[in-house]
Amino acid sequence: MTERRFTRIQTELPGPQSAAVFERKARYVAAPLETYAPFIVRKSEGAIIEDLDGNRFLDFSGGWGCLAVGQRNERVVAALKDQLDAYLHTDFTAVPYAPLVDLAEALCERTAIDGEKRAAFFNSGAEAVENAVKIARAFTKRKGVLVFENAFHGRTLLAMTMTHKAVPYKAGFGPFAPDVFRLPYPYEYRTSLSEADLERALLATVDPSEVAAMVVEPIVGEGGFLVPPDWFLPALRRLADAHGFVLVFDEVQTGIGRTGRFFAFEHFGVQPDLVCTAKSLGSGLPLSGVVGKAEVMDAPIPSAIGGTYAGNPLACRAAIEVLKMLDDGTLLERATAIGDRIKARFRALGERFDAVGDVRGLGSMVGMELVTDRATKEPAKALTGRIANAAIRNGAVFPTAGLYGNVLRVLVSLVISDDEIDEGMDILEQAFEEALR
Ligand code: PLP
């Protein structure tokens, strides 16, 4: 273990200042808003978080994948300060403003879909998904929505229905939205799926001529960082073309450089009709978007989509800076290099510890699936929790994921340095030792 340079744990967790806030949280904040880290943030820069008690952590969660350009990126902060001095809110549909138009132009220009494009903005990933479905329904004049196993699309009624994992996301929240149909998604570590299997599943599930949209994550995020085989997304494109439904890629987690391309679908030689984006687009400000083919985007009647805060000027100013910062390719290359460095360390952990069942990912989106037995592949949920917990207590925050909660994943800021990564990986290795002791 090398000497700590970036992290510092100087109290029990939570320390006294954090504990006082947690005590008030328990009294006043609704219980379902469960928190992951056992400390309260005081300040954060790049990939480092300092808590109220002076402890310092390396953050591999990146605000659940929102901080591609880093916490408080200086160009984002400067644009926000400039906007604060101009105006905060008018509602674009009441009194329009240029930053939303600038962002729409910037996003359309950077989205690798041929032909004329349009963009619309909202506040959250779930809202982007809901609106993509509304737009597809208006365009096709059909109702059906096809989604996939292991999907996460958000927590509003339709997005929650489209999400797969029942506990905790759907527990006690039915009845669910109608006309949502689910197909298998390739999970190569656990099951095999062929194109013929997929087509059979489609025909057995719904009449494809009643389907408005197929919504899919190009790489599954919350569901466990599943990278599909090369045939999968092109096969979905062929199905959409054959049956006349709209193909929507939910790039809320995978987009904005995370996988080493602007959007992850660019790795697979395929184009969707619509893309949902959020998270790192706004660099921490609430912002999401749907971008795609003009004839599809323009289908709903005037005023049919929108929202009071949709595409608010502060968030748009932040997003314009984010998009410009990705343009010279440095951060995209960095995403790939970060992923390679972390994968190498994850694989080295696999050589030391039998609990590592699979290491997978694309670009900086890297995950590690933990099992109690490599032969049976039984998910090691409790162990995953113990490792994540030990890592936090030693100074590094790693989120978990997956249907079984047994995937450690990385959604780190792309401005993290190699030295910071190495320190984080040392902490994770120590966490393995402690959890398996
Ligand atoms: N879609 C995907 C792929 C996501 O990963 C998420 C959030 O993690 C969402 C949609 C929902 O986004 P939000 O929480 O902003 O509503």
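The values are calculated or read from the model by the stated rules, or taken from the named source; none is laboratory data. A quick note: this is a predicted structure, and the numbers were derived from the prediction, not measured. Backbone-built Cβ (ideal geometry, glycine too); neighbour counts: all protein chains shown.
Please note which strands (runs of 3 or more DSSP E) are completely contained in segment 1-108 and include at least 3 residues that are in contact with a Lys or Arg (Cβ under 7 Å, 6 or more places away or on another chain).
Details: elements: 41-45, 48-51, 56-59.
Because the criterion is at least 3 residues that are in contact with a Lys or Arg (Cβ under 7 Å, 6 or more places away or on another chain), the strands (runs of 3 or more DSSP E) in segment 1-108 that meet it are 48-51.
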Exercise for the section: Scan segment 90-134 for residues that are more than 16 Å from the ligand (Cβ to nearest atom) and on the phi < 0 side of the Ramachandran plot and report the count. Expected result: 28
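Listed here are the residues, each with its yes/no results for (1) in a loop (DSSP other than H, G, I, E, B); (2) farther than 23 Å from Arg409 by Cα.
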residue: Phe176; (1), (2): yes, yes
residue: Tyr187; (1), (2): yes, no
residue: Arg200; (1), (2): no, yes
residue: Gly223; (1), (2): yes, no
Handout entry: Of residues in segment 135-151 being within 16 Å of the ligand (Cβ to nearest atom) and not aliphatic (A, V, I, L, M), the one surrounded by the most Cβ atoms within 10 Å (Cβ to Cβ)
Key = Phe148
Exercise for the section: Please find, among Arg8, Arg4, the residue that is modelled with pLDDT of 95 or more and basic (Lys, Arg). Expected result: Arg8
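Look at Pro229 and say whether it is more than 12 Å from the ligand (Cβ to nearest atom) and closer than 19 Å to Ser364 by Cα. Please lay out each step first, then the result.
Working: more than 12 Å from the ligand (Cβ to nearest atom): yes; closer than 19 Å to Ser364 by Cα: yes.
Here the answer is yes, as Pro229 does meet what is asked.
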Problem - Conditions (1) part of a helix (DSSP H, G or I); (2) closer than 22 Å to Leu281 by Cβ; number of the one not met by Ala138 - result: (2)
Practice task
Quickly run through segment 354-370 and pick out the residues that are part of a strand (DSSP E or B) and either basic (Lys, Arg) or without any contact (Cβ under 8 Å) to a residue 40 or more places away in the chain (or both).
Solution key: Val356, Val359, Arg360, Leu370
Completion exercise
Checked against (1) touching a helix residue (DSSP H, G or I) at 6+ places or on another chain (Cβ under 9 Å); (2) at negative phi; (3) within 16 Å of the ligand (Cβ to nearest atom); (4) assigned to a loop (DSSP other than H, G, I, E, B), Gly154 satisfies every condition except (2)
Practice task
Show the residue pairs that are 6+ apart or on different chains and have beta-carbon atoms under 7 Å apart, the first residue being within segment 274-300 and without any contact (Cβ under 8 Å) to a residue 12 or more places away in the chain and within 12 Å of the ligand (Cβ to nearest atom), the second being small (Gly, Ala, Ser) and part of a loop (DSSP other than H, G, I, E, B).
Solution key: none
Practice task
Being in a helix (DSSP H, G or I), touching a His at 6+ places or on another chain (Cβ under 6 Å) and on the phi < 0 side of the Ramachandran plot narrows it down to one of Ala204, Ala159, so name that one.
Solution key: Ala159
Practice task
Determine whether Asp59 is in contact (Cβ under 8 Å) with a residue 24 or more places away in the chain, crowded, with 16+ Cβ neighbours inside 10 Å and under 23 Å from Gly367 (Cα atoms).
Solution key: yes
Exercise for the section: Check Met214 against each of (1) surrounded by 24 or more Cβ atoms within 10 Å (Cβ to Cβ); (2) away from the ligand (no atom under 11 Å from the Cβ); (3) assigned to a loop (DSSP other than H, G, I, E, B) and name the one condition it does not meet. Expected result: (3)
Exercise for the section: For segment 236-253, state whether one or more residues are closer than 15 Å to Leu67 by Cα, more than 16 Å from the ligand (Cβ to nearest atom) and touching a Gly at 6+ places or on another chain (Cβ under 9 Å). Expected result: no
Practice task
Mind listing just one residue for me: the one in segment 237-267 that is surrounded by 24 or more Cβ atoms within 10 Å (Cβ to Cβ) and of a type in the set (A, V, I, L, M) and, of those, farthest from the chain's Cα centre (by Cα)?
Solution key: Val246
Fill in the blank from the handout: Going through segment 362-387 in order, the residues found to be among the small types (Gly, Ala, Ser) and surrounded by 21 or more Cβ atoms within 10 Å (Cβ to Cβ) are Gly363, Ser364, Gly367, Ala380
